[in-house]
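Here's the structure we're looking at; comments come further down.
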Amino acid sequence: MNFLELANKRYSVRNYSETPIPREKIARCIEAVRLAPSACNSQPWKFIVADEAGLKTNVAKAAFEGLLDINHFAFKAPVLILIVSQRQKLLAKFGSIIKRKNFSLMDIGIAAEHFCLAAAEEGLGTCILGWFNEKKVKKILGIEKNKRVELIISAGLSADEKIPDKIRKSTEEIVSYNKA
């Protein structure tokens with residue numbers, strides 16, 4: 001499939017089949033992450049794959065229990081991928097300070113989307129989640145206090161057969177050439 005077909009196929013899945021996912025599929029998605037670009041080649045991320053049933057359930061409970069009743073669909077996802085920010089290279093950190101832009105978070109966003117697009121190519125659905133109880137998740141997985149869990153990606157087979165239509169702004173609304 002070409003890139004636009006892949007981009008159209010990728011959507012935020014909120015209804016998962018509980019079918020287990022072979023680690024080989026996740027490994028190919030992680031390889032796509034490994035190849036993602038980052039400022040000054042910092043690669044300021046570590047991906048933790050929670051696919052063992054008991055651990056994944058504990059992470060989901062800690063992450064999503066009681067949070068305004070959102071993201072509960074992640075309980076059914078057979079895999080949760082946590083993105084933990086790592087130390088940036090000095091030059092990237094310096095650039096972030098000077099330009100007042102968090103290059104590390106931009107890099108993590110790029111890496112997350114690399115994962116999600118690779119997952120779509122593997123026939124998997126994903127949803128990138130930023131609303132979760134980070135403190136509880138860090139405790140369960142033994143993540144150091146000075147580290148941040150920036151995102152959680154739920155992954156698995158969609159329980160829905162049809163890819164929903166995308167509701168997006170028109171091209172004219174989002175682009176201009178040579179002027180504001």
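The values are calculated or read from the model by the stated rules, or taken from the named source; none is laboratory data. Nothing here was measured: the structure is a model prediction, and the numbers come from that model. Every residue, glycine among them, receives a Cβ derived from its backbone with ideal geometry; neighbour counts consider all protein chains shown.
May I ask you to list the residues in region 158-168 that are surrounded by fewer than 17 Cβ atoms within 10 Å (Cβ to Cβ) and either over 23 Å from residue 130 (Cα atoms) or in contact (Cβ under 8 Å) with a residue 40 or more places away in the chain (or both)?
Filtering region 158-168 down to residues surrounded by fewer than 17 Cβ atoms within 10 Å (Cβ to Cβ) leaves 159-168.
Of everything in region 158-168, those that are surrounded by fewer than 17 Cβ atoms within 10 Å (Cβ to Cβ) and either over 23 Å from residue 130 (Cα atoms) or in contact (Cβ under 8 Å) with a residue 40 or more places away in the chain (or both) turn out to be 159, 160, 161, 162, 163, 164, 165, 166.
Let me spell it out: the conditions are (1) closer than 19 Å to residue 120 by Cα; (2) in contact with a Gly (Cβ under 8 Å, 6 or more places away or on another chain), and residue 2 meets all of them except one. Which number is the exception?
Answer for residue 2: the failing condition is (2).
Select from region 40-77 the residues that are polar (S, T, N, Q), more than 28 Å from residue 103 (Cβ to Cβ) and free of Cβ contacts under 8 Å to residues at least 60 places away in the same chain and list them in ascending order. Walk me through how you get there before you give the answer.
Narrowing region 40-77 to residues polar (S, T, N, Q): 41-43, 57-58, 71.
From what is left, the residues that are more than 28 Å from residue 103 (Cβ to Cβ) are 57-58.
Answer for region 40-77, where residues must be polar (S, T, N, Q), more than 28 Å from residue 103 (Cβ to Cβ) and free of Cβ contacts under 8 Å to residues at least 60 places away in the same chain: just 57.
Of the residues that make up region 133-155, is at least one crowded, with 20+ Cβ neighbours inside 10 Å and of a type in the set (Gly, Ala, Ser)?
Scanning region 133-155 turns up at least one residue that is crowded, with 20+ Cβ neighbours inside 10 Å and of a type in the set (Gly, Ala, Ser).
Only one of these conditions is not met by residue 19: (1) more than 25 Å from residue 110 (Cβ to Cβ); (2) assigned to a helix (DSSP H, G or I). Which number is it?
With (1) more than 25 Å from residue 110 (Cβ to Cβ); (2) assigned to a helix (DSSP H, G or I) applied to residue 19, the lone miss is (2).
Residues in region 6-14: is at least one of a type in the set (S, T, N, Q) and modelled with pLDDT of 95 or more?
Kept after step one, since they are of a type in the set (S, T, N, Q), are these residues of region 6-14: 8, 12.
Adding the requirement that they be modelled with pLDDT of 95 or more leaves 12.
Yes - at least one qualifying residue is present in region 6-14.
Considering each of 112, 63 in turn, give the residue that is crowded, with 18+ Cβ neighbours inside 10 Å, at pLDDT below 95 and either not in a loop (DSSP other than H, G, I, E, B) or not acidic (Asp, Glu) (or both).
On the way: 112 fails: at pLDDT below 95.
None of the others qualify; the one that does is 63.
Go through 128, 153, 98, 143 for me and flag whichever is at pLDDT 95 or above and farther than 25 Å from residue 17 by Cα. It would help to see each step written out before you state the result.
Working: 128 fails: farther than 25 Å from residue 17 by Cα; 153 fails: farther than 25 Å from residue 17 by Cα; 98 fails: at pLDDT 95 or above.
So the residue among 128, 153, 98, 143 that is at pLDDT 95 or above and farther than 25 Å from residue 17 by Cα is 143.
Suppose we filter region 13-39 for residues that are of a type in the set (D, E, K, R) and in contact (Cβ under 8 Å) with a residue 60 or more places away in the chain; how many remain?
As a first pass, look at region 13-39 and keep what is of a type in the set (D, E, K, R): 14, 18, 23-25, 28, 31, 34.
This time we only want the ones that are in contact (Cβ under 8 Å) with a residue 60 or more places away in the chain, so: 14, 18, 25, 28, 31.
Total meeting the criteria: 5.
Let's see how each residue does on (1) farther than 17 Å from residue 26 by Cα; (2) polar (S, T, N, Q):
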position	(1), (2)
79	no, no
101	yes, no
105	yes, no
112	no, no
119	no, no
133	yes, yes
140	yes, no
147	yes, no
151	no, no
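For the list (1) under 18 Å from the mean Cα position of the chain (by Cα); (2) part of a helix (DSSP H, G or I), I need the number of the one condition that residue 97 fails.
Failing condition for residue 97: (1).
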